[in-house]
Amino acid sequence: MSDTVAAEPVADLLAKFSEATPRESLDHPAVNVPMKDAVAVLQWLRDEQSYDFLVDVTGIDWSETTSPRFTAVWHLFSTTKHTYIRIAADCTDDANPSAPTATGLFPAADWHERETFDLMGITFEGHPDLRRILMWDGYPHHPLRKEFPLAGIETELPDIEVADETQAKVISAPMMGGPFVASNKGEMNLTDAEPRAKDESWNEAKPKPE
């Protein structure tokens with residue numbers, strides 16, 4: 001697919017939605033839109049531009065000192081044109097970020113939006129069943145936000161049966177054992193070049209029970 005064909009939907013989108021603007025991107029065509037237009041843009045791309053597959057819904061946390069702090073992002077793919085497009089919309093409320101649900105357009109948005117809600121704390125208004133999908137209900141944090149430490153936050157598990165009987169709290173984090181340090185650079189196996197945790201005792205082989 002040529003760059004010209006891939007860029008055509010962007011030009012048409014900018015012409016149809018007056019408040020849309022080009023978004024800098026190193027891979028796929030991308031457009032910024034106001035949150036109020038997000039669903040209309042997604043529907044237009046699906047119905048008029050053959051972007052019939054919702055690949056992903058995610059979010060960006062720029063930082064606690066940036067406003068708007070959060071951006072919702074949708075990635076669409078056309079199964080006939082074989083091209084992708086990225087749509088991004090800033091959340092207007094930094095304290096309670098939200099976006100409209102796309103579940104009415106793409107059934108796959110259901111779990112994508114639940115994951116973004118769970119890990120980033122972006123609420124998708126109108127979602128039919130917006131619950132956490134990875135962390136448990138009542139978990140007080142959003143692990144992919146910038147303020148969440150790599151080493152995690154001590155959090156009580158909801159049921160002692162799923163925790164170590166001698167330890168009522170665990171470190172709940174995407175990666176345990178932090179802080180992390182860079183491995184030596186140079187000629188080496190890529191696996192060996194991955195960052196290493198200073199404490200990797202959690203990953204050591206445990207003796208089998210008698």
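So here's what we get for this one:
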| item | result |
| --- | --- |
| Test: residue in the range 92-101 that is of a type in the set (A, V, I, L, M, F, W, C) and not in a strand (DSSP E or B) | yes |
| Flag if Asp56 is part of a strand (DSSP E or B), surrounded by 14 or more Cβ atoms within 10 Å (Cβ to Cβ) and not hydrophobic (A, V, I, L, M, F, W, C) | yes |
| Residues that are farther than 14 Å from Trp44 by Cβ and among the basic types (Lys, Arg), drawn from the range 6-33 | Arg23 |
| Criterion: part of a loop (DSSP other than H, G, I, E, B), aliphatic (A, V, I, L, M), assigned by TED's automatic domain parsing to the domain that holds Ile60 and closer than 26 Å to Lys36 by Cβ - qualifying residue of Leu105, Leu119, Leu144, Leu130 | Leu105 |
| Filter result for Pro9 (more than 19 Å from the chain's Cα centre (by Cα) and touching a residue at least 60 places away in the same chain (Cβ under 8 Å)) | yes |
| The range 76-87: number of residues that are assigned to a strand (DSSP E or B) and over 12 Å from Val41 (Cα atoms) | 2 |
| Whichever residue in the range 92-135 is within 28 Å of Pro149 (Cβ to Cβ) and more than 14 Å from the chain's Cα centre (by Cα) and, among such residues, is surrounded by the most Cβ atoms within 10 Å (Cβ to Cβ) | Leu130 |
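The values are calculated or read from the model by the stated rules, or taken from the named source; none is laboratory data. Model, not experiment: these values are computed from the prediction. Cβ: placed from backbone, ideal geometry, glycine included. Neighbour counts: every protein chain shown.
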